[in-house]
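Each reported figure results from applying straightforward, stated rules to the coordinates on display, with no laboratory input. Owing to the predicted nature of the structure, the values given are computational and were not obtained by experimental measurement. Virtual Cβ from ideal backbone geometry, glycine too; neighbours counted across all protein chains shown.
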Amino acid sequence: MQAIDQYDKGLDVQCSDAGVNSILCANRAHVNLLLGNFRNAYHDGLAALRHNDQNIKVRCVALRCAAVRYAALCSAGMHSSSSGLCAVPHAPA
């Protein structure tokens, strides 16, 4: 969490350079992704794009965060729907 705290401090400065803020958000997104904080990673990726959508690294990180979050949501949905189907008694034919 130390890295995330450092990126938070950098963003708290509210630098006027959109490129710097974009990299800080993208790097924080990457750390959140590594830690399994997919929702935070996704939102940081979007924030990075808002600051500078022309940076290729930012686009890649944001896309990776979105893809992993989507996969995690789909996996959780598949798990809950399949366990729900097992709990529902079959209707008589």
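Data for the structure
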quantity: The one condition in (1) assigned to a helix (DSSP H, G or I); (2) touching a helix residue (DSSP H, G or I) at 6+ places or on another chain (Cβ under 8 Å) that ASP53 fails to fulfil; calculated: (1)
quantity: Top-ranked residue in segment 13-34 [being in a helix (DSSP H, G or I) and free of Cβ contacts under 8 Å to residues at least 12 places away in the same chain; ranked as surrounded by the fewest Cβ atoms within 10 Å (Cβ to Cβ)]; calculated: LEU34
